[in-house]
1. Any chance segment B:130-147 includes a residue that's in contact with a His (Cβ under 9 Å, 6 or more places away or on another chain), within 13 Å of ligand 3 (Cβ to nearest atom), away from every other protein chain (no Cβ under 14 Å) and open to solvent by less than 50 Å² (accessible area, probe 1.4 Å)?
2. Of all residues being assigned to a loop (DSSP other than H, G, I, E, B) and of a type in the set (Ser, Thr, Tyr) in segment B:130-150, which is nearest to ligand 5 (Cβ to nearest atom)? Just the residue, please.
3. Kindly establish whether B:Lys389 is under 23 Å from B:Arg103 (Cβ atoms), assigned by TED's automatic domain parsing to the domain that holds B:Pro220 and in contact with a Lys or Arg (Cβ under 8 Å, 6 or more places away or on another chain).
4. If a residue must be under 22 Å from A:Cys388 (Cα atoms), free of Cβ contacts under 8 Å to residues at least 40 places away in the same chain and more than 12 Å from every other protein chain (Cβ to nearest Cβ), how many such residues does segment B:24-52 contain?
5. Just name the residue that is nearest to ligand 3 (Cβ to nearest atom) out of those in segment B:150-172 that are facing chain A (nearest Cβ under 9 Å) and open to solvent by less than 20 Å² (accessible area, probe 1.4 Å).
6. Inside segment B:64-92, can you point out the residues that are out of contact with any strand residue (DSSP E or B) (no Cβ under 8 Å at 6 or more places or on another chain), facing chain A (nearest Cβ under 10 Å) and free of Cβ contacts under 8 Å to residues at least 40 places away in the same chain?
7. Take the conditions open to solvent by 30 Å² or more (accessible area, probe 1.4 Å) and either within 14 Å of chain B (Cβ to nearest Cβ) or in contact with a strand residue (DSSP E or B) (Cβ under 9 Å, 6 or more places away or on another chain) (or both) and apply them to A:Arg276. Does it pass?
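The values are calculated or read from the model by the stated rules, or taken from the named source; none is laboratory data. Since this is a predicted model, take the numbers as computed values, not measurements. Cβ placement follows ideal geometry from the backbone for every residue including glycine, while neighbour counts extend to all protein chains displayed. Accessible surface areas use protein heavy atoms only, side chains included; no ligands, DNA or RNA. Shrake-Rupley method; radii C 1.70, N 1.55, O 1.52, S 1.80 Å.
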Amino acid sequence: MLEHKLITKHIGNIDPLSIDDYVGVGGYAMFKKALGMTRLDIHDAFEASKLRGRGGAGFPVAIKLMAMAKETRKPKYVICNADEGEPGNFKDRYLMENNPHQIIEGMLIAAYATGSSHGYLYIRGEYAQSMATMQQAIEAARQAGYLGSNILNSRFDFDLEIRSGAGSYVCGEEFALLESIEGKAGRTRVKPPFPTAKGLFNQPTLINNVETLATFPVIIAMGGEAYAKIGTPTSTGTKLISLSGNVRKKGVYEVPFGVSMRKIIEELGGGVGAGRKIQMIQLGGACGPIIPEYMLDMVIDFERFEEFESKTGAGAIIVIDDRHDMFAILEQVSEFFTHESCGKCTPCREGNVHMRNVLRRFVNKTATEQDLLMLENQARVIHQTSLCGLGQTAPTAIISTLHYFRFDYLNRIEDSMQEVA
Amino acid sequence: MPTITINNLEVRADAGMTILEAARAHNFKIPTLCHYPDLDIKSDCRICVVELIGQKGLVTACSTPVYEGMAVKINSPRALNARKAITEMILANHDAECTACVRNMNCELQRLAESTGIVKNRFESILEVKPVDKSNPSLVRNSNRCIKCGRCIDACKTIQGIGVLDIAGRGHDSDVTTAFGKALADVFCTYCGQCSAVCPVGAIMEKDSTDVVWEAIDHPDKHVIVQVAPAIRVSLGEELGLALGSIVTGKIVAALKMLGFSKVFDTNFTADLTIIEEGHELINRMKNGGKLPLITSCCPGWVRYAEHQYPDLLDNLSTCKSPQQMFGALAKTYYAQRENLNPKDIFVVSIMPCTAKKYEASRPEMSYNGQDPDVDAVLTTRELAKMIKQMGIEFENLREQKFDKPDEVTTGAAAIFGATGGVMEAALRSVKEILDERPLEQLEFDRVRGYEGIREAEVTIKGETVKVAVAHTLSQAKKIADDIRLGTSPYAFIEVMACPGGCVGGGGQPYGTTHEKSRERIQTIYQVDRLMKVRKSHDNAAVANLYSNYLGEPSGKLAHTLLHTKYTPR
Ligand SMILES: Cc1cc2nc3c(=O)[nH]c(=O)nc-3n(C[C@H](O)[C@H](O)[C@H](O)COP(=O)(O)O)c2cc1C
Ligand code: SF4
Ligand code: SF4
Ligand code: SF4
Ligand code: SF4
């Protein structure tokens, strides 16, 4: 079996809105177990699990937990990042709408482990259904005594509220998200300091992705060592893949790290349509690299992705078949970033416009060699100098295609020259 | 003390320093654009990127703290290329008509373009031209030149606590603007001009008055006279290449004469007059149970702020006009009579460290006949410097000259008006000596000097303890005003100046003014005071003459008509 259902195990077997169903399959027992553990033991479990963040950057969870533990200032906050604004990603929504209580339980464990008293679930504005489901689940959990003060007579207090996303992609970036919860415009902050030191309202704050937090109960249940045995030695556990584009069976699949992309596309996704061929895939979403068909045997793990100087841990695979013009896709991606840039820093605010304009010339077949050189330089500079992850990853698709599809660029320039002639 | 390596050179840095600070401490130059000493670190422009050895991306020197063993390269090919490309991107969205710009030859972006070696911009222009906002009486905003560095936002929000400007929209459409893109005249701008003082380019600047002044000077029927504010003489030199803290009073007079002004007067004269009127107002209010605390009103930025934010406290404001306006009123009445001139032919110019003074001069009540302004044009320190440069005057070589009479008599009390606490100290010197009816033992009131945002002092006058306070910047003034509103203010007399450091740090002062420079100027001002023969306003014989020859009693009828004003809730 290619799929390995750890965090999605109960999905389909329970009514998402029934807390009894969740408790019936062992829900909230891991939180109770955590309450019986020392904070140090919990940290050790996460350290041993080698769990890394699932929101895109792949940051080791144990390091953040340790940074939080060192902070003595109160209150502390736990934030679940459910903004999921990256095109091609829909796995957080899948989790929220199908097993909301597991996310709440994950946040409870995180809160207990870090000594946090208050939590926020920052949910993408367009996800009305997710918000409704999570809201009902929070109320049920409160009713059942899992949220509030002196939870289960443990003298531990924690409560949780939902915040609707501000409707822009950059609000998923952790600093912009904090600003947004604070009621300000969604723009990143100067770093350092990082959120674990100065986060929400300048208090210590743990921010994790939905999937990351949904994994917390699993790790408490099976122990860090056992969890680390799944996947590859450095990328442990499982990953939710949002599979979309030109495949037969789009959807969310949970696979262990180390599985090849070809297998995911062919065995789980049923391949591309009849008579079609895969031309390329984009990994991670708009911010990810575009790689050619011949690289599909590459396995999913953090190291491989880092080779592209990109952070593609969010786990989207967008399949692009042979009907598409690569430059049209690149222009679309570039348009997306031009629109989503918050405008705070120069390279991202100005540079994306220039990249889009150059790409338009490739689409219209009016590009020159100079355009190619400019594009290459712009992409590098924007990648290397932007203030936040949005600008840093905006040129990833361009940089990767300049590498893997250089001939297509050169051919298009030749076409352009002929068109002029 | 961490040891770090900059361009292969090992240097010591202090813990907590940023790369930029460490580099500057060792004379390495890293270009910056959004960075400004007294404002928050924004790291928006990304110009100061350097290569951090062992890291894939580049890091901004302004925001990255140093650590033991850190190694950076300031001018690696990657960093140089990035800096150049970012500068080109800025210029590609900038109306770079340098020759038609106030900042030509005095522009941070221009200098950056030069230092990054831009000959031809490889980036195509993507500028979408927007209209220039000239609606405000003091300031002009040209967003086609705005590089979105955020300095003005900080100055208005953080220093002044107002927040008229902010960044709106996102991505390429983002714009530094007012709420809902309103005209700068239709928002609550106090005209202090701190935004214009920190802007690195010509995107927000004082409204130009040099043209009307040149025209007036050239007009055959106009008698053009000029007054020079106290804070100019310690700052203008910097803008014209002299050392920080140079006292250039005599050279200013000489330069103004060369520019063609008929008479050159010293605002210090009416500063002393202000002290006499305001001192009597304080004495009257204290004696007769009038409204206290009395708050100074010589700063139009503060007056406008109070009219808007504290309309309930307007009775606390001194009714005295500012020295600038007292001068204007006297020029068109007393001086006109004395010189046998038609006031309509007199054109009064003031040189001020201040953009709000332009607005003050345009207030309708500042008119001797209800029609024509008392002060016809206000030039900032920067505008005067520009005119001097336009004329090709070699300022440092000028022979010093004296102000025209009667203003040659000036006092140390007037000289210190330009420093925060100066008006307070000048007033105390007079009020205490007059009420105590014996000579002051100590002229310096050290407790009201200094740079703290709010300073308070207790002064014994006629055996009674009087509490006074001094505030500079409007965010500090707010605290004082809130206390008055709550009835918890213990003070009898308060001085408020809108700008950091007082007028020495005014919005019309030379570019690059910082707290450090303002402090330096304040020191110079106290030095001027120390060297002065007459140091108390009520000892100014020329002022006494003016009362006996023309005005009558201080606070008397004519004095009230000419030298006092009223305020309007807004
Ligand atoms: C432009 C941008 C958008 C992001 N959007 C999301 C998002 O929607 N959800 C998310 O979990 N992380 C997002 N991130 C990553 C967060 O900044 C942060 O790294 C993450 O929430 C940390 O959680 P994790 O360690 O569990 O992955 C985004 C980052 C950037 C730069
Ligand atoms: S990289 Fe883009 S989104 Fe991020 S701060 Fe800069 S302008 Fe804003
Ligand atoms: S702001 Fe500077 S670069 Fe721009 S037009 Fe003016 S002088 Fe030139
Ligand atoms: S107006 Fe000037 S100070 Fe303000 S953001 Fe624009 S360039 Fe910066
Ligand atoms: S402090 Fe001085 S320079 Fe600043 S607004 Fe007031 S009068 Fe003008």
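1. yes
2. B:Ser138
3. It is false that B:Lys389 is under 23 Å from B:Arg103 (Cβ atoms), assigned by TED's automatic domain parsing to the domain that holds B:Pro220 and in contact with a Lys or Arg (Cβ under 8 Å, 6 or more places away or on another chain).
4. The number of residues fulfilling the criteria is 1.
5. Among those that are facing chain A (nearest Cβ under 9 Å) and open to solvent by less than 20 Å² (accessible area, probe 1.4 Å), it is B:Gly150.
6. Matches in segment B:64-92: B:Asn81, B:Lys84, B:Ala85, B:Glu88, B:Met89, B:Leu91, B:Ala92.
7. Against the criterion (open to solvent by 30 Å² or more (accessible area, probe 1.4 Å) and either within 14 Å of chain B (Cβ to nearest Cβ) or in contact with a strand residue (DSSP E or B) (Cβ under 9 Å, 6 or more places away or on another chain) (or both)), A:Arg276 qualifies.
Quick grid of which residues meet (1) open to solvent by 20 Å² or more (accessible area, probe 1.4 Å); (2) in contact with a helix residue (DSSP H, G or I) (Cβ under 6 Å, 6 or more places away or on another chain); (3) farther than 17 Å from A:Asn246 by Cβ:
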| residue | (1), (2), (3) |
| --- | --- |
| A:Arg262 | yes, no, no |
| A:Met280 | no, no, no |
| A:Leu283 | no, no, no |
| A:Ile290 | no, yes, no |
| A:Phe337 | no, yes, yes |
| A:Ser341 | no, yes, yes |
| A:Arg356 | yes, yes, yes |
| A:Val363 | yes, yes, yes |
